Amino acid sequence: MDLNDKKLEDLFKIADKVGKRRYHKLTQQDFEDYRQFDRWRYVNGDSECGTTPESKQWVKDNSERLCPICGYRFSDRDGRTIDHKLPRAQYPWLSLEFKNFWVICRICNQEKGEMHWYEYEHYIFVHHRDRYDEVRFARPTQLLRSLKQG
Ligand SMILES: [Zn+2]
């Protein structure tokens, strides 16, 4: 299991540390991006929840018929949602970073909650081992590296 990979663990730790430091220096733009996402996100095609034509199109272009985590059809799992791989609550400046987005079903999104990615991989490994490969595959490695450099 490559979660025991020391280098990987270090990468997450550094990214987390850099993230925390950055968090204390949030800019006006960061807050605007954070709020902007509320108007942009896609939840069940429900415009009251913030769907815009652009976000609807983006979701369409970036998802298949099945949720990449659980493998069920979106229609059987409360529909599609845009999730931030690195949670927006912890990384507000990544609110509108497309590399940080993926389309997952609403049920998986709720289960993921505000978990940090590293924590989430552990969670999936323990609770849904059959889904681990998919989650591992979606790991935002580049984004974590860019955090480290920032
Ligand atoms: Zn799912």
Exercise. Could you work out the helix-only [θ] at 222 nm for the chain, with each DSSP H run of four or more residues adding -39,500 (n - 2.57) and the total divided by the number of residues, to the nearest 500 deg cm²/dmol?
Worked result: -14500 deg cm²/dmol
Problem set entry | Farthest toward positive dipole pole in the chain [+1 Lys/Arg, -1 Asp/Glu at C-beta], among Thr81, Val135, Tyr42 | Val135
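Quick one: dipole size for region 23-150, taken about the Cα centre, charges +1 on Lys/Arg Cβ and -1 on Asp/Glu Cβ, in debye to the nearest 20. Don't skip to the end; give the middle numbers.
Values: 21 positive and 20 negative charges, 57 e Å.
The dipole magnitude comes to about 280 debye.
If I take R0 = 35 Å and measure r between the Cβ atoms of Gln28 and Lys60 in this structure, what FRET efficiency does the formula 1/(1 + (r/R0)^6) give, to the nearest 0.05? Can you show the working numbers first?
Working: r = 32 Å, r/R0 = 0.90.
Once the sixth-power term is evaluated, E becomes 0.65.
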Exercise. Around Leu96, with a cut-off of 15 angstrom between Cβ atoms, what is the net charge of the other residues, counting Lys and Arg +1 and Asp and Glu -1?
Worked result: -1
For this session: Report relative contact order for the chain in percent, whole number only (criteria: Cα-Cα under 8 Å, sequence separation at least 6).
Result: 26
For this session: Just check region 12-145 against the gyration tensor rule for me: Cα atoms, a ≥ b ≥ c as the square roots of the eigenvalues, rounded for a/c under 1.5, and otherwise prolate or oblate depending on whether a/b exceeds b/c.
Result: oblate
Problem set entry | Sorted by Cβ neighbour density within 10 Å, fewest at the top, the residues Thr27, Thr81, Thr51 | Thr27, Thr51, Thr81
Exercise. Tally Lys/Arg at +1 and Asp/Glu at -1 over every other residue whose Cβ is under 11 Å from the Cβ of Ser146; what's the total?
Worked result: +2
For this session: Based on other C-beta atoms within 10 Å, arrange Glu97, Glu121 from fewest to most.
Result: Glu97, Glu121
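Where a number appears in this text, it was derived from the coordinates with a stated rule and is not lab data. Remember, predicted model here, so these are calculated numbers, not experimental data. Note: ideal-geometry Cβ built from the backbone for every residue, glycine included; neighbour counts use all protein chains shown.
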